[in-house]
Amino acid sequence: MKKFFFTFLLVMAIFATSSCSKDDTPNFHFVPLRIVSAELPEFFSIDQTYQIRVTYSKPDACTSFGGFDVTPKGVSARNVVVIGTKHYDDEACAQTVVEETGSFNFRVAQTETYLFRFWQSEDADGNQEYFEVFVPVRQ
C-alpha cells in the first residue's frame with residue numbers, strides 16, 4: 001500500500017511538472033485528513049487478512065479522498081493516515097465538514113500485539129497527534 005501511494009505521488013509530481021506551458025501550475029496538493037474513528041476486531045489471527053474501516057472528515061468540498069498511507073513503525077506498530085487531495089479551482093468551496101468512511105486490508109504477519117496509530121491532527125508545535133488502538137493476535 002505504501003509503495004502504491006509513493007508511486008502515485010511520483011507519477012502525479014511528474015505529470016504536474018511536465019506540462020508544455022510554464023504558466024500551468026498544479027491545481028491540487030495532498031493533505032492529511034483527520035481520522036474520527038476506526039473499526040478493528042477484538043483480536044487478529046495469524047496469516048489472516050482483515051478489512052479495517054476508518055471514518056475521516058473532509059474539511060471542505062474541494063477536498064477528496066486520495067487513499068491511505070499505512071506506515072510500519074517497528075515490527076508491530078502502524079501509523080495510519082488518510083490522504084486527501086485538495087483542489088484549487090476557480091469556484092468557491094463549501095466550508096462544510098463532511099465525514100466519510102473508507103477501508104483498507106491488513107494482513108497479520110506476526111504474533112505480537114499490533115498497535116495502530118490513527119492520525120488526528122498536528123498541534124501548534126508541529127507534533128503529530130494520533131489515537132491508538134491495540135489489537136492482540138491469537139494463535
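Could you sort 77-87, 31-41 so that the peptide with the highest average Cβ count within 10 Å comes first and the rest follow in order? Intermediate results must be reported in sequence, preceding the final value.
Values: 77-87: 18.9, 31-41: 16.7.
Output ranking for 77-87, 31-41: 77-87, 31-41.
Search the structure for amide H atoms under 5 Å from the amide H of THR63, placed 1.01 Å from N in the peptide plane, and list their residues when 5 or more places away or on another chain.
Hits under the 5 Å cutoff: HIS87.
Per the 1.4 Å probe, what fraction of the accessible area of the stretch 46-126, in percent, lies on carbon and sulfur atoms?
About 44 percent, which is the carbon plus sulfur part of the accessible surface.
Along the stretch 39-45, what does the Karplus equation 6.51 cos²θ - 1.76 cosθ + 1.60 (θ = phi - 60°) give for ³J(HN,Hα), rounded to whole Hz, x for Gly and Pro?
Rounded to whole hertz, the list is 10, 10, x, 5, 8, 9, 10.
So which GluC sites (Glu not before Pro) in the stretch 55-136 are both in a DSSP loop and have at most 14 other Cβ atoms within 10 Å of their Cβ?
On the way: sites: GLU91, GLU99, GLU100, GLU112, GLU122, GLU129, GLU132; in loops: GLU91, GLU112.
For GluC sites (Glu not before Pro) across the stretch 55-136 that sit outside H, G, I, E and B with at most 14 neighbouring Cβ atoms in 10 Å, the list reads GLU91, GLU112.
Take TYR50, TYR114 and sort them by solvent-accessible surface of the protein heavy atoms, 1.4 Å probe, largest at the top. Before the final figure, lay out each step's value.
Details: TYR50 50, TYR114 0 Å².
Sorted by accessible area, descending: TYR50, TYR114.
The values are calculated or read from the model by the stated rules, or taken from the named source; none is laboratory data. No experiment lies behind these values; they were computed from the predicted model shown. Here the Cβ is made from the backbone with ideal geometry for all residues, glycine too, and neighbour counts use every protein chain on show. Each accessible area value is taken on the protein alone, full model and side chains, heavy atoms only, with ligands, DNA and RNA left out. Shrake-Rupley method; radii C 1.70, N 1.55, O 1.52, S 1.80 Å.
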